[in-house]
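*Asks:* Before we start, here is the structure in question, set down as structure tokens.
The values are calculated or read from the model by the stated rules, or taken from the named source; none is laboratory data. All of these numbers come straight from a predicted model, not from anything done at the bench. Virtual Cβ from ideal backbone geometry, glycine too; neighbours counted across all protein chains shown. With ligands, DNA and RNA removed, areas are computed over all heavy atoms of the protein, side chains included. Shrake-Rupley method; radii C 1.70, N 1.55, O 1.52, S 1.80 Å.
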Amino acid sequence: MPSRLALAVGLLLVGTAADVGTTYVALSGSEYVEGSPVGRLFIARFGLLGGMLLTKAVGMAVIGVPVAVAGGTRRFVATLMCAGVGALSLAVAARNLLFVAGLWP
């Protein structure tokens with residue numbers, strides 16, 4: 001059975017790929033504007049892939065630093081960061097798909 005960390009890393013990879021792909025489709029095919037001001041700035045400055053990856057790194061820090069300061073183990077912090085950013089990325093990808101389909105305002 002895979003460890004929680006391995007599952008979290010898998011979730012991160014799938015979520016990131018889904019988010020980048022659906023954001024690309026949404027940006028190229030419509031009047032979509034990146035919802036996050038930080039993401040919008042990073043995408044404008046570093047391009048789609050670089051900006052999105054940098055946004056993911058910032059998200060990992062926002063999740064991981066407080067947990068680390070609170071005394072979480074390195075493994076727990078890494079698992080939480082990967083799972084948290086992966087889950088958020090999947091949620092954003094779902095929203096992007098709904099937007100492209102015309103079901104999101």
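*Asks:* So with the 1.4 Å probe, I'd like the accessible area per residue for the chain, rounded to whole Å².
*Replies:* Here the per-residue accessible area is 61 Å².
*Asks:* Can you tell which of V85, Y24, M52 lies farthest toward the positive end of the dipole of the chain, using +1 and -1 charges on the Cβ of basic and acidic side chains (Lys, Arg; Asp, Glu)?
*Replies:* V85
*Asks:* So what J values fall out for region 38-52 if you push phi through Karplus, 6.51 cos²θ - 1.76 cosθ + 1.60 with θ = phi - 60°, rounded to Hz, Gly and Pro as x?
*Replies:* 3J(HN,Hα) across region 38-52, in whole Hz: 5, x, 4, 5, 5, 5, 5, 8, 10, x, 4, 5, x, x, 5.
*Asks:* Now for a separate question. Would you mind calculating the gained length between L97 and M1 on full extension (0.36 nm times residue separation, minus the Cα-Cα distance), in nm to one decimal? Write down the numbers at each step before the final one.
*Replies:* Working: separation 96, 0.36 × 96 = 34.56 nm, distance 3.21 nm.
Result for the pair: 31.4 nm of gain on full extension.
*Asks:* Report the charge-dipole magnitude of the chain in Debye, nearest 20, computed about the Cα centre from +1 at each Lys and Arg Cβ and -1 at each Asp and Glu Cβ.
*Replies:* Result for the chain is approximately 340 debye, rounded to the nearest 20.
*Asks:* Can you pull the percent of region 1-97's accessible area that's carbon plus sulfur, 1.4 Å probe, other chains left in place?
*Replies:* On region 1-97, the fraction of accessible area on carbon and sulfur atoms equals 74 percent.
*Asks:* Specify, per residue and in Å³, the volume enclosed by the convex hull of the alpha carbon atoms belonging to the chain.
*Replies:* 104 Å³
*Asks:* For region 1-76, calculate the relative contact order in percent as a whole number, restricting contacts to Cα pairs under 8 Å that are 6 or more residues apart. Working shown, then result.
*Replies:* Details: 29 pairs, mean separation 15.0, N = 76.
Taking the mean separation of contacting Cα pairs over the length of region 1-76, I get 20 percent.
*Asks:* Restricting to DSSP H runs of at least four residues, report the calculated mean residue ellipticity at 222 nm for the chain, -39500 (n - 2.57) per run over all residues, nearest 500 deg cm²/dmol.
*Replies:* Roughly -29500 deg cm²/dmol at 222 nm, from the helical runs in the chain.
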